[in-house]
Amino acid sequence: MQERLQKYISQAGIASRRHAEELILAGKVKVNGRVVKILGTKVDSAKDKVEVDGKKIGQQKLIYLVLNKPKRYMTTRNDPRARRTVFDLLPAELKNVVWPVGRLDFDTEGLLVFTNDGELTQAMTHPSMEHEKEYEVILDKELSRGRIEKIETGMMIDGKMTAPAKIKTAGTTVHIVIHEGMNRQVRKMFGELGFSVRNLKRIRIGKLKLGNDLPVGKFIFLDKSQIV
């Protein structure tokens, strides 16, 4: 069966589809010994030999897992300041196979998806998909009605207007639902309103919820259908 070259590369666990496109345009991909730089080139996994950076690739088993990320871990493979990373929490055989879908800040905990499925990564991270992300926030003081309305209607941070958010409060505990991915968006929104975030935890992405039975620092394997 023929499929687009960038899709074939992403499903081989080499890179996300977006990164696969960059590899193709950079001349790092060969099909049957010839460099291919045209996006959308079709390949047949049963007949064609595909190489990335000189290494032959093939389809591999797709892996999906969810980590309950602790605070004070970087969402990266390596940190120049030698801080702990989320890959320290995964078994050695997976560390160079999967990648995180999106990221969580150093001091943010909660739901973090890992996979080697480039198509899933694209589906979950592309802005046009608008997947809801829900966070549990502990603030230093209670929100007033006026500040809640600012969050619900959209507010300016870093020179950009946020989309309307959903919010529920119970004292200083707040549940906020957004679908954007601005850098440190939740912290900046509350900071702009004069609040300090004492704890921030992501508890849901789309239909995928962080279960209470998954301890902090542990992970579980899932099926793709449980994620999207």
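So the values come out like this:
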quantity	calculated
Test for LEU39: is it part of a loop (DSSP other than H, G, I, E, B), closer than 24 Å to ILE220 by Cβ and of a type in the set (A, V, I, L, M, F, W, C)	no
Wholly enclosed helices (runs of 4 or more DSSP H) of the stretch 77-194 bearing at least 2 residues modelled with pLDDT of 95 or more and crowded, with 16+ Cβ neighbours inside 10 Å	145-153, 185-192
LYS28, sole failed condition from (1) farther than 24 Å from GLU134 by Cα; (2) in contact with a Phe, Trp or Tyr (Cβ under 7 Å, 6 or more places away or on another chain)	(2)
Failed item, numbered, when GLY118 is tested on (1) in contact (Cβ under 8 Å) with a residue 60 or more places away in the chain; (2) closer than 24 Å to VAL174 by Cα	(2)
From the options LYS47, LYS56, LYS37, residue that is farther than 25 Å from LYS209 by Cα and in contact with a helix residue (DSSP H, G or I) (Cβ under 9 Å, 6 or more places away or on another chain)	LYS37
When residues of the stretch 80-118 are limited to those that are in contact with a Leu (Cβ under 9 Å, 6 or more places away or on another chain) and of a type in the set (Asp, Glu), the one farthest from ASN183 (Cα to Cα)	ASP117
Number of positions in the stretch 5-27 that are surrounded by fewer than 17 Cβ atoms within 10 Å (Cβ to Cβ) and free of Cβ contacts under 8 Å to residues at least 40 places away in the same chain	4
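So that you can scan it fast, the table gives a plain yes or no per residue for (1) free of Cβ contacts under 8 Å to residues at least 24 places away in the same chain; (2) closer than 26 Å to LEU89 by Cα; (3) not assigned by TED's automatic domain parsing to the domain that holds LEU90:
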site: PHE106; (1), (2), (3): no, yes, no
site: ILE138; (1), (2), (3): no, yes, yes
site: LYS168; (1), (2), (3): yes, no, yes
site: VAL174; (1), (2), (3): no, no, yes
site: MET189; (1), (2), (3): no, no, yes
site: LEU193; (1), (2), (3): no, no, yes
site: SER196; (1), (2), (3): no, no, yes
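The values are calculated or read from the model by the stated rules, or taken from the named source; none is laboratory data. Note that the structure is a prediction, hence the values are computed from the model and not measured. With ideal geometry, Cβ positions are generated from the backbone for all residues, glycine too; neighbour counts draw on all protein chains shown.
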